[in-house]
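Only one structure is covered here, and it is reproduced in the block below.
The values are calculated or read from the model by the stated rules, or taken from the named source; none is laboratory data. The shown structure was predicted, so the numbers you read here are calculated from the model rather than taken from an experiment. Every residue, glycine among them, receives a Cβ derived from its backbone with ideal geometry; neighbour counts consider all protein chains shown.
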């Protein structure tokens with residue numbers, strides 16, 4: 001059975017019982033009181049219990065899903081129901097007062113009309129008191145503490161005991177038994193004491209705004225007064241209202257007493273608590289506001305990481321103005337410019353403001369408060385035309401240990417800025433620093449990411465400038481490997497076909513490493529591509545390269561190149577060296593270091609270069625090899641912090657029978673040293689073995 | 001261990017010739033010091049310069065670049081930069097690049113001085 005259906009069912013039953021009771025009461029009234037007094041009492045008792053029970057059940061169901069209220073809704077909920085409760089209590093009080101007026105009482109006492117009116121009003125009172133008790137319980141339950149639940153259970157039990165006492169009294173007419181009276185009073189007192197003790201949280205009262213606190217103060221007072229009156233009337237045997245009430249509703253009046261006792265005591269406690277915390281309402285509100293502002297500030301800090309510094313400063317400035325409830329202010333930056341200003345609208349006053357601001361430039365990096373400008377004749381003099389600045393607070397803005405500016409905030413009244421705001425403004429100062437620093441670091445990291453992507457792209461592009469694979473040349477076994485120091489490097493190798501169709505191997509090195517070396521390497525590749533089809537030997541190629549580049553590149557940059565021209569299939573090759581490292585020639589077990597004469601590229605003009613460039617012929621025997629490499633290999637530091645030198649390369653060459661084997665072994669060795677070297681240069685090795693039996 | 005260690009220059013004069021004694025390590029980190037010195041000498045219109053390498057332990061390509069940067073200007077003013085008293089390691093660096101074909105590299109300082117004087 002769903003929720004709505006349950007409610008409708010109970011409501012219908014309630015209405016049914018009420019109608020039945022009304023009819024029954026009318027019948028009883030018309031017959032005679034004396035005759036059916038006993039059965040009348042039973043009828044009275046049963047019907048009122050039923051009405052009471054069903055009403056309770058209805059409100060129990062109604063409130064079941066409302067009983068645990070979320071904290072945020074609490075205050076709005078509270079105000080609405082508080083008004084409702086006050087209204088109901090007030091109406092009940094009016095009704096009871098009306099009835100207690102002798103004239104009105106006489107009018108409705110013995111008539112059918114009176115009976116009907118009374119039935120409806122009594123029902124109203126019962127419903128109202130159920131709503132009131134519901135409100136009281138909700139208020140307490142939503143602000144419960146550790147023992148609240150247990151106390152409420154005990155309260156309910158004692159309320160039941162009081163009702164039982166009441167029933168006993170009603171049926172057995174025990175009106176003057178002392179023991180009985182004392183017992184029932186004791187239980188009732190116990191009930192009252194529990195209500196006074198009933199624990200619930202009260203600090204929320206302090207946190208109400210001044211307006212809400214005033215409302216609470218007034219309404220709880222009204223509720224207390226009327227609840228107390230109703231309660232007193234309900235236990236007053238002379239009460240005209242309750243005499244009539246008991247005639248129709250027997251012990252239900254006990255329920256009414258219990259309810260309004262609860263309401264009176266709860267409202268008294270709420271009233272006292274609001275009264276006690278009332279004077280500090282303003283301060284509390286201010287502190288609460290400060291806290292809210294700080295929370296907003298912190299939230300802004302984390303949201304502002306991708307915002308511009310100007311925006312961050314402006315937002316925090318506005319927040320600071322709001323927090324201090326200030327009349328205006330400005331921010332002056334390290335360049336003595338004022339881009340953020342509020343509350344001063346004359347451009348002409350800017351000079352004075354700048355003059356005033358410069359007084360604080362060299363002060364320690366702390367917040368300063370000037371309580372009253374008039375106390376300092378210098379300040380007063382400078383600011384005399386700006387008559388709405390009376391008290392000022394200055395907040396230095398520092399980012400990464402450097403002062404980037406000062407924030408000035410002013411008020412129109414002397415002594416308008418308390419020293420106690422230093423603490424919260426300190427928080428602002430810290431947060432400005434954090435926000436600006438974070439935004440800066442974020443921008444930097446974005447930039448770094450971008451640069452990194454660019455470098456990786458450059459790396460891809462540079463790889464394409466090198467041959468993707470080495471051609472298969474009869475009787476020659478070629479292998480090459482290069483490792484730039486960074487994403488891009490200055491080492492170069494190539495294998496090109498010359499005009500006569502012969503292959504020429506080139507290995508070279510641009511001085512330095514990184515991007516600038518890479519640019520020169522790209523330029524070199526272009527020249528090689530262009531000139532290789534115009535020449536027939538490595539020497540001619542080098543001469544052309546030097547011709548093209550001499551005077552065209554920065555004279556602090558060196559390009560060194562070596563070439564090996566493969567003359568024929570029989571192991572005849574020619575070696576040329578333009579300033580580059582010597583080549584290693586392995587002939588069986590004999591190792592030769594070949595260093596033909598030659599100057600680095602673009603250091604000398606064409607005639608000097610050509611005159612000094614030596615080309616040597618080599619006849620390779622079976623399994624002989626020539627190795628070209630760059631200085632990144634020989635200059636890497638080995639374990640004893642000395643340069644690696646030629647020896648290791650020579651050794652590995654001796655132990656290797658083909659170029660791939662040599663290159664792999666060499667790099668395996670090199671990787672050991674790369675691990676321990678923080679910086680190393682670009683590394684390249686090109687191995688050429690003469691092997692006739694590989695095909 | 002980076003080779004960017006100490007570098008300093010002792011300056012001497014012999015008549016109208018300036019002699020710079022290089023000490024320590026000349027590489028990318030320390031070459032600006034050398035550059036500044038050459039710069040100021042040339043600004044004072046002194047174009048006869050001898051570089052003495054006897055106390056220089058190490059030179060890198062950045063150090064070599066400094067020479068190339070100023071030699072043209074100096075020679076256009078009828079002067080020269082002459083190099084002398086290199087140890088074998090330093091000499092091999094110059095030699096590899098072919099500097100002996102571009103610069104006068106002498107074994108003793110006297111030889112370099114004599115070259116200047118003979119020219120006159």
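Kindly indicate the residue of segment A:331-350 that is surrounded by 11 or more Cβ atoms within 10 Å (Cβ to Cβ) and in a helix (DSSP H, G or I) and also nearest to the chain's Cα centre (by Cα) among those meeting that condition.
Going through the qualifying residues, I end up with A:350.
Identify, from the list B:66, B:90, B:18, the residue that is touching a helix residue (DSSP H, G or I) at 6+ places or on another chain (Cβ under 7 Å) and under 30 Å from residue A:614 (Cβ atoms).
Working: B:90 fails: touching a helix residue (DSSP H, G or I) at 6+ places or on another chain (Cβ under 7 Å); B:18 fails: under 30 Å from residue A:614 (Cβ atoms).
Residue meeting the stated conditions: B:66.
How about segment B:101-120: which of its residues are within 10 Å of chain A (Cβ to nearest Cβ) and part of a helix (DSSP H, G or I)?
Once the filter is applied, which keeps residues that are within 10 Å of chain A (Cβ to nearest Cβ) and part of a helix (DSSP H, G or I), segment B:101-120 yields only B:101.
Tally up the residues in segment A:591-628 that are within 13 Å of chain B (Cβ to nearest Cβ), buried (at least 21 other Cβ atoms within 10 Å of the Cβ) and closer than 27 Å to residue A:571 by Cα, please.
3
Filter segment A:503-542 for residues that are more than 27 Å from residue A:458 (Cα to Cα) and surrounded by fewer than 20 Cβ atoms within 10 Å (Cβ to Cβ) and give the result.
Answer for segment A:503-542, where residues must be more than 27 Å from residue A:458 (Cα to Cα) and surrounded by fewer than 20 Cβ atoms within 10 Å (Cβ to Cβ): A:503, A:533, A:534, A:536, A:537.
Please determine, by comparing only the residues of segment A:561-586 that are free of Cβ contacts under 8 Å to residues at least 60 places away in the same chain and surrounded by fewer than 17 Cβ atoms within 10 Å (Cβ to Cβ), which one is farthest from the other protein chains (Cβ to nearest Cβ).
Within segment A:561-586, the match that is farthest from the other protein chains (Cβ to nearest Cβ) is A:568.
In this structure, does residue A:432 turn out to be surrounded by 13 or more Cβ atoms within 10 Å (Cβ to Cβ), under 24 Å from residue A:379 (Cα atoms) and either in the same structural domain as residue A:342 (by TED's automatic domain parsing) or at pLDDT 90 or above (or both)?
Taking the combined requirement at face value, the residue does not satisfy it.
Is there a residue being away from every other protein chain (no Cβ under 14 Å) and in a loop (DSSP other than H, G, I, E, B) anywhere in segment A:521-531?
Looking for residues that are away from every other protein chain (no Cβ under 14 Å) and in a loop (DSSP other than H, G, I, E, B), one finds none in segment A:521-531, hence no.
Can you name the number of the only condition in (1) within 29 Å of the chain's Cα centre (by Cα); (2) under 19 Å from residue A:417 (Cα atoms) that residue A:374 fails?
(1)
Report yes if some residue within segment A:357-365 is modelled with pLDDT of 90 or more, in contact with a strand residue (DSSP E or B) (Cβ under 8 Å, 6 or more places away or on another chain) and surrounded by 14 or more Cβ atoms within 10 Å (Cβ to Cβ); otherwise report no.
no
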